[in-house]
């Protein structure tokens, strides 16, 4: 009934615990597909997978990114549904039973997701994903675009046909590839829903790709620009995406300003904050601009001190 798809890249250290959480599911009608995405730790990974060999479909490919790895799994899948799980996340035993139950009870549903408990090297340890990114109201193009609804990928179970119908994951996108897929499903008229129960443990690690906020925001912007290309010119959807692009550009400038402050480059910080405030019209940013113009050394020193105290408190 379900194909569980796990992309693996540098996953040898954590994937055993992930697989144990899969095989502890109360729902039993599933297959598990691990896709080795050209991982540099292949020898160690295969050693870890060996005890699970009779319960796995194991596939190898050259490194092409997480989207390509998931797509390889989707193409190989035998199940009616596909469930996505990152190689360092964990499922609670009742996860598949609850999610498949939702899909089976309502044939109009094409995708369901749930909440997850955050753990690992992060100040958000112990909080849930929906505490930080609430899902409110019905899931549709607008609520996904404006982040009123944000599916956590390791909690998603979807109809395989629906995912294939919209082209699966875009392999040209290095991150935010999941957000892009959810938007395309909504545009295609697919029905997405969620439940608020915590069914996943969502691991956050320092040093991961998504730890770089500028890089992440730039990839978010790529998805928005791509989405705009699908919207009819002059439509409400087009206007919403245009505003989202402007806001994301402002966010990128603001993040670059913070980075420049941390590096002690007050001149660059001032330029980035000016560019951000052209859209944001923030009083705080205006004050930061004035401070950087008249007392740059003071603003840089205060910012660095606040960052130091913040991270010391967080960890």
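Readers should treat all values here as calculations from the given coordinates under stated rules, not as data from a laboratory. These numbers come from a predicted model, not from an experiment. Virtual Cβ from ideal backbone geometry, glycine too; neighbours counted across all protein chains shown.
Multiply the residue gap between residue 75 and residue 205 by 0.36 nm, knock off their C-alpha separation, and tell me the result in nm, one decimal place.
Full extension from residue 75 to residue 205 adds 43.9 nm.
Quantify how much of the Cα-Cα distance distribution of the range 113-181 extends past 18 Å, in percent.
Values: 1117 of 2346 pairs.
Of all Cα-Cα pairs in the range 113-181, 48 percent lie more than 18 Å apart.
Which three extents, in angstrom, do the Cα atoms of the chain have along their principal axes, listed largest first?
68, 48, 36
Using only DSSP helix segments of four residues or longer, with each worth -39500 (n - 2.57), what per-residue ellipticity at 222 nm results for the chain after dividing by its residue count and rounding to 500?
-15000 deg cm²/dmol
Between the range 93-144 and the range 51-81, how far is it from one alpha carbon centroid to the other, in angstrom?
23 Å
Using the alpha-carbon atoms, what tilt in degrees (0 to 90, nearest 10) does helix 266-280 show relative to the longest principal axis of the chain?
The helix 266-280 is inclined about 70 degrees to the chain.
Among 294, 91, what is the fewest-to-most ranking by other Cβ atoms within 10 Å?
Fewest-to-most Cβ neighbours within 10 Å comes out as 294, 91.
Can you tell which of 222, 99, 20 shows the greatest fluctuation in a Gaussian network model of the chain with Cα springs below 10 Å?
20
Quick one: if you stick a label point 7 Å off each Cα along the C-beta vector at residue 265 and residue 283, how many nm between them?
Roughly 3.1 nm, to one decimal.
Which values, in whole Å and largest first, are the semi-axes of the equivalent ellipsoid of the range 195-288 obtained as the square root of 5 times each eigenvalue of the Cα gyration tensor?
26, 23, 12
Just to confirm the number: angle between the C-alpha axis of helix 213-228 and the first principal axis of the chain, 0 to 90 degrees, nearest 10?
Once rounded, the angle reads 70 degrees.
Over the alpha carbons of the range 1-76, what is the largest minus smallest coordinate on each principal axis, giving the biggest first in Å?
Taking max minus min along each principal axis of the Cα atoms, the range 1-76 gives 33, 25, 17 Å.
Compare the peptides 271-281, 133-143 by average per-residue count of other Cβ atoms within 10 angstrom and give them in order, highest first.
In decreasing order of mean packing, 271-281, 133-143 become 271-281, 133-143.
To two decimal places, what compactness ratio does the range 20-177 give when its Cα radius of gyration is scaled by 2.2 N^0.38 Å?
Cα Rg divided by the expected 2.2 N^0.38 Å: 1.07.
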